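The block underneath contains the structure these notes are about, expressed in C-alpha cells.
The values are calculated or read from the model by the stated rules, or taken from the named source; none is laboratory data. Source: prediction; values computed, not measured. Reconstructed Cβ throughout: ideal geometry from the backbone, glycine too, with neighbour counts over all protein chains shown. The accessibility values were calculated without ligands, DNA or RNA, using every heavy atom of the protein model including side chains. Shrake-Rupley method; radii C 1.70, N 1.55, O 1.52, S 1.80 Å.
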Amino acid sequence: MKDYIFNVHDVVLLMTAAECLLLSIFQQVLPIRARNYGLLLTAFLLIVATASACTLVMWNDQFQVAPLFGQTLLPYLLFGALMLKGPAIYLYVSALTQQNLRLQRHHALHLVPALLLVLYLFIFDLSSDDLRRIAIAGQGFPESAVDLVWDISTAVPLAYALAAVLSLRRYRGELEDEYSHFSTTELHWLNILTYGVLISWGWTLAVHVLAKYSSVETADLLGIADNYVTFILINAFFAYSLSYAHQLLVTRPSSSRESAPGEPSDSAITKVRQAMEVEKLYLKKT
C-alpha cells in the first residue's frame, strides 16, 4: 500500500493556493483589468497562494523538497508573503474607494515591515526547523527569536486589516455626506469581505496566542481551523470578484445632490441666500 502525501487538511491548503491562482488569472481577463484595484487584488491573491503553498511545504513531513529550499529559502518566502498580505488588502480597499488612486513611491513604504522581517530571519539564520521549534541533535533553536517572528507575522497583517476597515467606513461616511442616495449592494459585499479578513486574521492571532498556552495537539487543531477559515474567505473573494468588484466605483451616481440641468447650483443658491440674509443687499440704495 502506498503511503499518503497529503491528508484532507493539506488538500484545503492546496485548494486555497489553486483557487488564488485561478482567480488571479481570472482578474487578468476581465475588461477592467487595467484598473489599479484589479492588479492589487491579483497581487493579494498571489501572496495568499504563496503563503498557503509554503505553509503546506513547511508543515508536511511527507512532502520532500531540496534542503536548500526547504530549510533555507522557504522561511523567506513564507514570512515575506505573510507580511505582504496586509499591505495588499489595504491598498486594494484604498484603490476601490479612491477613484484617482495611483501607486506612487511612498506606497513602497508598505514593503518595509516585510523587508525588516526577512532581514531578521537572515541575521538570526532561522531555518524551517527552527521556526517549527524542532531542535536538531546537539543544537537548540533561539526560542525568543522564533516567537518574535511569529508574533510580528500575525500582528502586522491584522493591523493592516483594521486600517482597511477604517478606510472603508470613512468612504461610506463620505458617500453619505455627499449624496442623498447611492447603491449600497457593492459596499455591503466589500464590508463583508473586509470584516471577513479582519476576523480571519484576528483568529490567526488568537490561535497564535492560545497555542503558547495549550498542548501541541490543541495548537495543531487551532492551526488547521485557521486554514479552513482562509479557504472560506478566498471563496468569498471569488464570488465577490465575479459579481460586484467591478461595480464598486460606480456606486456614486445613483442619486446625488448634484443639481439637475437647468436648475441653479447649490453654490449659486448659497450666494443668493448670503446676499439676502446677511448682506441684505435689497435694503441698499442703488
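In segment 213-232, the residues that are over 21 Å from I47 (Cβ atoms) and assigned to a helix (DSSP H, G or I) form Cβ pairs under 7 Å with partners that are open to solvent by 50 Å² or more (accessible area, probe 1.4 Å) and modelled with pLDDT of 75 or more, at six or more places apart or across chains, as follows: L222/L210. Given the criteria more than 21 Å from W150 (Cβ to Cβ) and more than 14 Å from the chain's Cα centre (by Cα), does V93 qualify? No, not satisfied. Per the listing V118, V149, the residue uniquely open to solvent by less than 50 Å² (accessible area, probe 1.4 Å), part of a helix (DSSP H, G or I), farther than 25 Å from R169 by Cα and touching a residue at least 60 places away in the same chain (Cβ under 8 Å) is V149. Scanning segment 189-202 for residues that are over 12 Å from the mean Cα position of the chain (by Cα) and open to solvent by 90 Å² or more (accessible area, probe 1.4 Å) yields a single hit, I192. T55 falls short of the stated requirement of being of a type outside the set (A, V, I, L, M) and open to solvent by less than 30 Å² (accessible area, probe 1.4 Å). Taking the criterion of being part of a helix (DSSP H, G or I), open to solvent by less than 30 Å² (accessible area, probe 1.4 Å) and more than 25 Å from A51 (Cα to Cα), the only residue of segment 85-115 that qualifies is T97.
Please pick out the residue among Q71, Q64 that is modelled with pLDDT under 90, surrounded by fewer than 19 Cβ atoms within 10 Å (Cβ to Cβ) and assigned to a helix (DSSP H, G or I). Result: Q71 is the single residue among Q71, Q64 that is modelled with pLDDT under 90, surrounded by fewer than 19 Cβ atoms within 10 Å (Cβ to Cβ) and assigned to a helix (DSSP H, G or I).
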